[in-house]
1. Which ones in the range 325-343 are closer than 23 Å to VAL360 by Cα, of a type in the set (D, E, K, R) and touching a Gly at 6+ places or on another chain (Cβ under 9 Å)?
2. Go through the range 236-260 and report how many residues are touching a strand residue (DSSP E or B) at 6+ places or on another chain (Cβ under 6 Å) and either assigned to a loop (DSSP other than H, G, I, E, B) or among the acidic types (Asp, Glu) (or both).
3. Starting from the range 628-652, take each residue that is closer than 17 Å to GLY129 by Cβ and surrounded by fewer than 23 Cβ atoms within 10 Å (Cβ to Cβ) and list its partners that are modelled with pLDDT under 95 and of a type in the set (Gly, Ala, Ser), counting only C-beta distances under 9 angstrom and pairs at least six apart or across chains.
4. Would you confirm whether or not the range 622-645 contains a residue that is within 30 Å of ALA155 (Cα to Cα), of a type outside the set (Ser, Thr, Tyr) and assigned to a helix (DSSP H, G or I)?
5. So ALA424 ticks every box in (1) surrounded by 22 or more Cβ atoms within 10 Å (Cβ to Cβ); (2) of a type in the set (A, V, I, L, M); (3) closer than 28 Å to ARG612 by Cβ but one. Which box is left unticked?
6. So which residues in the range 504-534 are in a helix (DSSP H, G or I) and either among the polar types (S, T, N, Q) or farther than 17 Å from HIS625 by Cβ (or both), if there are any at all?
7. Go through the residues of the range 363-381 one by one and say whether even a single one is among the hydroxyl-bearing types (Ser, Thr, Tyr), surrounded by 14 or more Cβ atoms within 10 Å (Cβ to Cβ) and modelled with pLDDT of 95 or more.
8. Could you say which residue among VAL477, VAL527 is farther than 19 Å from ALA619 by Cα, assigned by TED's automatic domain parsing to the domain that holds PRO630, in contact with a Pro (Cβ under 9 Å, 6 or more places away or on another chain) and surrounded by 21 or more Cβ atoms within 10 Å (Cβ to Cβ)?
Amino acid sequence: MNERPGPDGTPPAEHHPDRQHGSGTIESVPRQQRRAPEDACHQPTHEGPDRAAGSLTAPAPYDRVPGERDPLDHPDPAVAADAAGIEHLLRCWLRENGSPRPAGGRLRLPLPASATALHIPVRYWSPTGWHRLGAPGLEGAPAGAAPLDAVTLAALLRREAAHGGDRRASDGGEHRVADGGERTAPESEPTPDGDGAELLGRVANSVRNVAAFLADRRARPADDHAALFLEAEQSLLLGHPLHPTPKSREGLSDAGTRAYSPELRGAFPLHWIAVHRSAVATDSAWTERGKPVPAERLTARLAGEGLQLPDETVPLPLHPWQARELAGRPDLTALLDAGLLHDLGPHGPLWHPTSSVRTVHRPDAEAMLKLSLGLRITNSRRENLRKELVRGVEVHRLLRTGLGEQWQTAHPCFDIVRDPAYLAVDGPDGEPVQGLDVVIRHNPFTRTDDAVCIAGLTSPRPWPGHAGVRSRLEDLVGTLAARTGRPTGAVATEWFLRYLEAVVRPLLWLDGTAGVVLEAHQQNTLVLLDPDGWPTGGRYRDNQGYYFRASRRADLERRLPGIGAVSDSFVADDVVDERFAYYLGINNVLGLVGAFGSQHLAREEILLAAFRRFLADAATAPEGHRSPLPEQLLAARTLRCKANLATRLHGLDELVGPVETQSVYVTLPNPLVP
């Protein structure tokens with residue numbers, strides 16, 4: 001990898017060869033009658049032979065049917081987006097309520113609260129939950145009736161949840177729900193207390209946005225930024241495959257969606273305010289040539305020339321949506337009237353939103369900026385909390401105590417994308433002013449560094465020179481198979497094994513050695529690819545997602561006195577175990593296994609066996625470096641898994657409250673246990 005120097009001025013730890021790569025409109029929510037009948041999505045198409053070649057075993061009942069058309073390839077992007085929305089909802093319901101593999105190519109899902117059932121075509125059944133499903137029909141509906149659309153399906157599932165239902169599909173197993181540390185009995189399961197209409201609105205908003213993203217990307221499939229990291233950040237068109245509203249962004253107008261969406265390759269200048277020094281809250285561990293660099297100097301450099309600052313003030317960037325949203329808020333009006341804030345307006349070069357929407361990037365800038373954004377995106381309003389600002393700087397300092405050097409010695413190609421500085425505002429009472437802050441994140445990537453978040457790598461999207469959607473993962477594996485002449489399944493398995501070594505093993509080392517666990521879900525995890533597309537290393541990013549094991553408090557305080565006092569990062573070990581198993585085990589690795597399987601690149605059973613062998617080896621690491629996660633994943637017959645649909649139905653914001661109660665978790669059978 002061809003990195004810039006780090007924020008401490010040190011040279012990069014490794015070098016990889018550079019890699020060179022040689023509009024739609026916002027549509028209304030599709031009406032039910034616009035969706036074609038299920039059979040219309042199965043017309044013959046011409047696909048390359050690499051799509052299904054190279055299977056290591058005989059085809060299973062739900063392998064791709066030759067000539068079958070993927071509903072995501074429907075020529076109407078609104079219909080394709082609705083198909084994606086339906087699959088998201090059904091995957092969530094099946095995971096959170098349980099269903100065995102159906103005996104045939106259709107699944108019957110009882111809906112007792114509505115005195116009916118759904119009949120769902122099964123295109124692919126995934127041992128890890130990444131099923132491919134067709135449009136459901138209501139039992140007893142007359143021949144030729146239109147299949148359900150995503151919003152109607154959401155209403156039916158909301159009704160089942162509100163009335164208790166029997167919480168299972170046909171012959172499915174019971175899944176107990178708990179949003180805290182205690183496991184509840186079935187009769188004491190919480191019932192949804194969120195607004196059902198709110199869920200339906202978010203489903204509609206998500207589907208509508210995906211339709212716009214697909215329409216635009218079909219019209220402009222090729223990227224024109226000549227920056228591989230940015231291209232990857234803009235590739236997550238469909239969102240989390242196990243989230244009911246993965247692309248909902250309440251509060252954005254059509255113009256705002258076009259300007260601020262990474263999927264539409266949006267770009268915009270930042271809005272700047274000047275903050276009087278007496279109201280500034282800041283910290284910086286950013287150094288250059290051994291000398292500290294204040295956060296205000298970094299923001300001034302990033303603003304560029306021509307920003308006129310009043311005396312005794314420092315520049316603070318805001319997302320333009322946030323600036324408009326905050327205008328007129330009484331506490332800010334008072335700060336403006338007192339001369340503690342000055343509105344400077346839009347200024348400077350264009351910045352590009354990354355996959356999180358609120359973090360912005362310029363390919364040639366020394367830093368990225370993680371901005372507060374009061375939009376509710378998926379489950380949460382994305383405004384920075386002060387403890388998160390502190391946590392990013394704290395982790396940077398922790399790694400500089402020698403832990404980072406020790407980690408790099410063991411795993412030289414993995415690191416954390418550092419958040420070593422922040423700027424924020426305090427009110428006259430000394431309390432944080434919510435929504436006025438910025439995290440200054442190191443930008444380690446040059447234009448030719450191929451660093452890809454796993455969520456973007458696995459997400460299908462319109463592809464240049466290809467008739468239908470496909471993921472970057474599918475393209476990489478297919479290209480490698482064609483180049484080497486090896487079976488697709490063999491290449492996919494080797495790619496997966498290299499990923500485990502390059503990305504997963506370093507995360508286990510950090511837990512075992514220091515008791516620091518990273519919330520390494522697919523959007524927070526970047527894989528570094530060599531020019532051929534093989535994994536060579538990784539990066540983690542997110543100042544929200546650090547867990548310090550309570551059992552390691554003394555060790556960590558010896559490394560960095562006072563650690564955790566403000567950042568609130570120490571968490572009980574049993575909660576850490578549960579979250580690490582979900583974020584790294586289920587979301588990240590098993591999600592990757594599901595992507596390989598559902599995209600017909602490898603048999604999931606083969607990858608699960610490979611993962612078991614990797615975990616068995618990791619469980620024998622020296623005691624001082626051994627994480628408990630490998631043994632937990634190998635031995636537990638069930639695993640605790642975040643339930644995004646139930647979390648949404650209960651109206652929870654994942655950034656509010658104690659970490660133990662921010663989300664609903666369910667108990668799933670462990671697919672790693674034979």
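1. The one that is closer than 23 Å to VAL360 by Cα, of a type in the set (D, E, K, R) and touching a Gly at 6+ places or on another chain (Cβ under 9 Å): GLU325.
2. 3
3. ARG640/ALA178
4. For the range 622-645, residues within 30 Å of ALA155 (Cα to Cα), of a type outside the set (Ser, Thr, Tyr) and assigned to a helix (DSSP H, G or I): present.
5. (3)
6. Selection gives THR513 alone.
7. Scanning the range 363-381, I find at least one residue that is among the hydroxyl-bearing types (Ser, Thr, Tyr), surrounded by 14 or more Cβ atoms within 10 Å (Cβ to Cβ) and modelled with pLDDT of 95 or more, so the answer is yes.
8. Sole residue among the options that is farther than 19 Å from ALA619 by Cα, assigned by TED's automatic domain parsing to the domain that holds PRO630, in contact with a Pro (Cβ under 9 Å, 6 or more places away or on another chain) and surrounded by 21 or more Cβ atoms within 10 Å (Cβ to Cβ): VAL527.
The values are calculated or read from the model by the stated rules, or taken from the named source; none is laboratory data. Keep in mind the model is a prediction, meaning the values are calculated, not measured. Quick reminder, even Gly has a Cβ in these numbers, built from the backbone with ideal geometry, and neighbours come from all protein chains shown.
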